1. Of the residues that make up the stretch 269-291, is at least one under 22 Å from the mean Cα position of the chain (by Cα), assigned to a helix (DSSP H, G or I), within 22 Å of Ala95 (Cβ to Cβ) and of a type in the set (Ser, Thr, Tyr)?
2. Looking at the structure I just gave you, is Ala318 out of contact with any Cys (no Cβ under 6 Å at 6 or more places or on another chain) and in the same structural domain as Lys127 (by TED's automatic domain parsing)?
3. Quick one: how many residues across the stretch 3-51 are of a type in the set (Gly, Ala, Ser), surrounded by fewer than 11 Cβ atoms within 10 Å (Cβ to Cβ) and part of a loop (DSSP other than H, G, I, E, B)?
4. Just one of Thr388, Thr399, Thr414 is at pLDDT 95 or above, surrounded by fewer than 14 Cβ atoms within 10 Å (Cβ to Cβ) and under 27 Å from Ser49 (Cα atoms); which is it?
5. On the given criteria, is Ala156 more than 23 Å from Gly294 (Cβ to Cβ) and in contact with a strand residue (DSSP E or B) (Cβ under 9 Å, 6 or more places away or on another chain)?
6. Checking Thr122 against (1) under 29 Å from Ile393 (Cα atoms); (2) of a type in the set (Val, Ile, Thr); (3) touching a helix residue (DSSP H, G or I) at 6+ places or on another chain (Cβ under 6 Å), which test does it fail?
7. Could you name every one of the helices (runs of 4 or more DSSP H) located completely within the stretch 84-197 that has at least 2 residues being touching a residue at least 12 places away in the same chain (Cβ under 8 Å)?
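The values are calculated or read from the model by the stated rules, or taken from the named source; none is laboratory data. From a predicted model like this one, the values you see are computed outputs, not experimental measurements. Because the Cβ atoms are built from the backbone with ideal geometry, glycine has one as well, and the counts that use them run over all protein chains shown.
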Amino acid sequence: MSEGFEAVDPDAVARGYRRHISRGRARLAEVTGGLVEVASKGVHVWDASGRRYIDCGGYGVFILGHQHPKVVQAVAAQLRRHALATRILLDPVTARAAEALAGVAPAGLEYVHFVNSGAEATEAAIKLARAHGKRHLISTAGGYHGKTMGALSLTARELYQAPFRPLVPDVQHVPYGDADALERALADTPDACVVLEPVQGENGVVIPPPGYLTAVLRACRQHGALFVLDEVQTGLGRLGSWWGADRERVTPDIMLVGKNLSGGVIPVAAMVATPEAYAPFSRDPFIHTSTFAGSPIACAAAAAAVETIASEGLVGRADRIGTRLRDELSAMLREVCPHLVQEVRGAGLLIAVELVDEGVAGDLVMELMDHGVLVNHSLNAHRVLRFTPPAVIGRNDLTALLDAVHRAAQAVATRHPEPPAVNQFRPELAERTA
């Protein structure tokens with residue numbers, strides 16, 4: 001075990017979860033052997049036994065990896081200076097973070113409202129839409145926008161919604177990637193606000209057809225609807241561009257930002273808007289507030305994260321590494337287990353491996369863990385695994401990652417042999433890129 005690791009008893013941690021946090025979460029941990037993560041740095045995470053993993057999970061948070069020195073330094077300095085604000089006086093760190101984020105946002109998005117999580121950013125957007133009289137919400141099937149009440153109303157998944165109905169009223173869902181369906185919905189829906197993702201992450205990295213965002217923006221303009229683009233998972237370089245919006249050079253009325261804004265150090269998220277869309281919040285600073293939102297320590301992380309992504313060229317790096325990783329995963333899985341993989345797809349460092357069923361997907365998650373790699377399944381598409389490695393991953397770790405996937409895929413293929421005369425892998429789909 002590396003020096004500086006605190007001794008941890010995994011059994012005691014599991015007992016704590018069972019007694020005070022979640023019995024279900026404790027049972028889930030038993031499936032993975034009750035592993036407990038205790039340390040992280042760069043692209044690596046260590047468990048309590050001292051074993052090291054390459055982190056391709058984290059639900060897309062770690063574009064800068066863990067404990068990036070520039071973010072840690074900024075947060076540590078702010079912690080020593082002034083961690084939380086009184087909210088009575090103005091805070092220079094919040095202003096700096098807002099300026100940094102607006103400086104890299106699509107042109108026209110100038111105002112920033114900081115919050116603590118992506119779901120809170122969604123809630124802020126819903127309230128801002130209400131302030132404009134936009135009371136009908138339209139989102140897309142398979143979309144994921146969080147699990148607080150308003151955000152959950154937009155997240156079109158029966159599994160998550162059913163226990164909490166009635167949800168926010170006047171919400172409808174249209175097929176993702178179908179601009180004509182959205183156009184029809186808008187024609188029949190007055191006072192609408194449209195909320196969708198440039199790429200659906202939790203639905204298994206679903207990439208819409210070219211021109212989709214442009215058509216959505218055009219339809220919103222034609223029918224007087226507000227357009228909210230949820231970039232909580234896709235933004236700040238994850239797709240190999242600063243934003244999914246940049247892929248079609250669109251500027252929504254409101255954009256939601258999270259995950260990578262944290263720098264992998266302090267939770268922070270934001271809603272960014274045009275002056276016209278933001279006007280109600282700009283006029284009345286008390287119309288939507290939160291005690292801890294936009295704290296100096298969180299904004300120090302946010303400012304450092306944006307500045308580091310820019311100064312280290314990580315957007316372009318995410319594009320280059322993502323292309324290589326996607327291509328090599330596709331070729332490897334086509335060779336090792338073509339009967340188990342439906343498709344390899346993605347953009348930048350948001351990469352999906354879609355398996356033939358959930359059982360095989362779960363088996364591969366566990367096998368990858370045994371080989372020292374952490375990945376996420378997709379919350380709205382359980383047979384899809386997502387690889388979201390940091391853009392700071394180096395050549396040696398990338399080679400080690402590919403080697404681990406190769407060995408894990410071989411092991412899974414042995415347990416799930418190919419039926420006679422069946423090859424379900426579709427090479428033409430695997431070759432598809434963003």
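1. Checked the stretch 269-291: no residue is under 22 Å from the mean Cα position of the chain (by Cα), assigned to a helix (DSSP H, G or I), within 22 Å of Ala95 (Cβ to Cβ) and of a type in the set (Ser, Thr, Tyr).
2. Spelling it out, it is not the case that Ala318 is out of contact with any Cys (no Cβ under 6 Å at 6 or more places or on another chain) and in the same structural domain as Lys127 (by TED's automatic domain parsing).
3. 2
4. Thr399
5. Judged against the criteria, Ala156 is a match.
6. (1)
7. 92-104, 118-131, 149-154, 179-187
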